[in-house]
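Following: one structure in structure tokens, then a few remarks.
The values are calculated or read from the model by the stated rules, or taken from the named source; none is laboratory data. The model shown is predicted, which means the values in this text are computed figures rather than measured ones. Using ideal geometry, Cβ is built from the backbone for each residue, glycine included, and neighbour counts are taken over all protein chains shown. Remember, those area values only see protein heavy atoms, side chains included, never the ligands or the DNA or RNA. Shrake-Rupley method; radii C 1.70, N 1.55, O 1.52, S 1.80 Å.
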Amino acid sequence: MAFLSKSAFSSFAKSDPPSPSPHATPPDNNNNNNSSAEDRLREAEDRLREAIEELQRKQRRSLRGLHQCAPPCEHADESCIAHAIGNLCQTFLLSYGVRVGIGILLRAFKLARRQSYSSLLDLKQLVSEKDLIVREEACRIGLLFGGFTGSYHLLRCSLRKFRKKETPFNAILAGSVAGLSILALDDPSRRRTLALYLLARLGQCAYNSAKSKNKFHLWGSHWSHGDSLLFALACSQVMYAFVMRPESLPKSYQDFIQKTGPVAKPIYKAVRDSCRGSPVDVVSLSAYLSNSKASSSLKIQEFPSLIPCSMIHPDTNSCLQHNARAASATFRKTFPLYFSLTFVPFVVLRLQKFLENPARTCWLAVKGAVRSTTFLSSFVGIFQGVICLHRKVAVKDHKLVYWLAGGFAALSVLLEKKARRGELALYVLPRAGDSLWYILVNRHFLPDIKNAEVALFCLCMGGIMYYLEHEPDTMAPFLRGIIRRFLASRITNPPPSANRNASYLYLQSLEAAEKPKLLHNSNDTEDSASEKLNLESIPGL
């Protein structure tokens, strides 16, 4: 308006003003002057109205142009296809390297346990295909993460150009379609476990979002040990499934629990048969006890009401000594695993920090591994202790005992850091849900839908990507950092709302053009503000 006012008044300046006269003006001249001034004013008003209409037409044209032009991509220096392929390759190599690095480190611990230290320098023994079979699994994991990353970036760019706007729907649809990369894993149980894990994470994000907006919150959510309670419930289901319904757990998870615990498979089978009232396999149980240090006076019944402690731990008569040995053996067996899971991802994902201070990285890895291994060793000791205590006071076994024993053993999670307890709870919860899903389908309470885990994974990835880009504060920092690291590309928060009229945009551009020095002087202030809004500035990322 200021510009238009200047143009309007300039028209008055161009016209010749009446020359002053020292004599009185006759009445006819006064009338003529008044009429000419009114004409000039009317003409100026017409020109002002035309200028306003022209400005409005320009604003409408610029607004249509904004809607018709797709928002620019963040990778201005390369094409969308090259950007997607580059992210795919980078993420594939990253995830492949993490899996192979963990396998090599575990193999090194295995050789060191045999006191074959010279073989650590022998590549044939350290990374041979015979002893280190990780190639296929590492490739599948690389295709999972790399395929998701590449397809997600390509779909985001395509939707941005096709729809000519950037909305949350783009992230949801791109994440859902890119979730088909889960088909790189050939094991349906692993796909189901991963889908349920993401479902738990998506539920966490949705709950945090609703709670931050004062829309919904669970009773007791303010409890300081709510995460420990969730972990206990999940462990109860997992340990019950391991003893009573082992087929409901993934084979790899069964083997891990079996190797970690001190009780043999024939004993678990005898306990399972005893609780169900089925006859015990006397032949296999006798063969196992004959190979151990069990007393020859043990009588094996075909229908026992309770499997005694003398069969559970035949090598010793003391339950306390047995539990102490179990905890100690668990520590020795699982420390290499926890150290590998702590050390390798930190080196691969944060190589620069590792190179700056490798000693500190090793110390933190050892410290974290000792703490986590102590937690798991205590879990095994408490679980076995509850089982032995039940046999001291009861005369009949019941399957509910193993559910309760898993809950009591989960109290060992209090040895972990507060931040780790929630992560452990959300790690075990999907496995408990996987077991419960299998049991309900087996009992025909739920339909058995083929590839249902693939659809669930796709839906969850769509939701996860929405929260990552538009509500990142609702996501756990650990998961947010991992996903952003593997996406291998800078993801920013959505731009400010475009729900502004054209006049505002025009005035903003005018102001930016007229005040370049002011913007230049406030450069430091803007940098600090953008750092606060930028996701890259969040600690841990």
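Here the gap between S328 and K353, fully extended at 0.36 nm per residue and compared with their Cα-Cα distance, gives a gain of 5.6 nm. Lys-Lys pairs in the range 254-355 that are eight or more residues apart or on separate chains and whose Cα atoms lie under 30 Å of each other come to 12.
Based on the Kirkwood approach, the hydrodynamic radius assigned to the range 294-448 is 18.7 Å, with every pair of different Cα atoms included.
Counted by Cβ distance under 12 Å from L415, the other residues give a net charge of +4, where Lys and Arg count +1 and Asp and Glu count -1.
For the range 302-353, which semi-axes, largest first and in whole Å, follow from the square roots of 5 times the eigenvalues of its Cα gyration tensor?
41, 13, 6
Assuming R0 = 25 Å, what is the FRET efficiency of T167 and L414, from their Cβ-Cβ distance, to the nearest 0.05? Walk me through the numbers on the way to the answer.
Numbers: r = 44 Å, r/R0 = 1.77.
Between T167 and L414 the formula returns 0.05.
Expressed per residue, the C-alpha convex hull volume of the range 392-447 stands at 89 Å³.
Under 14 Å from the Cβ of A452, count the other residues' Cβ atoms, weight Lys and Arg +1, Asp and Glu -1, and hand me the total.
On the way: positive: R191, R192, K450; negative: D434, D448, E453.
Net local charge, A452 excluded: 0.
Per-residue accessible area (protein heavy atoms, 1.4 Å probe) orders D39, D448 as D448, D39, starting from the largest.
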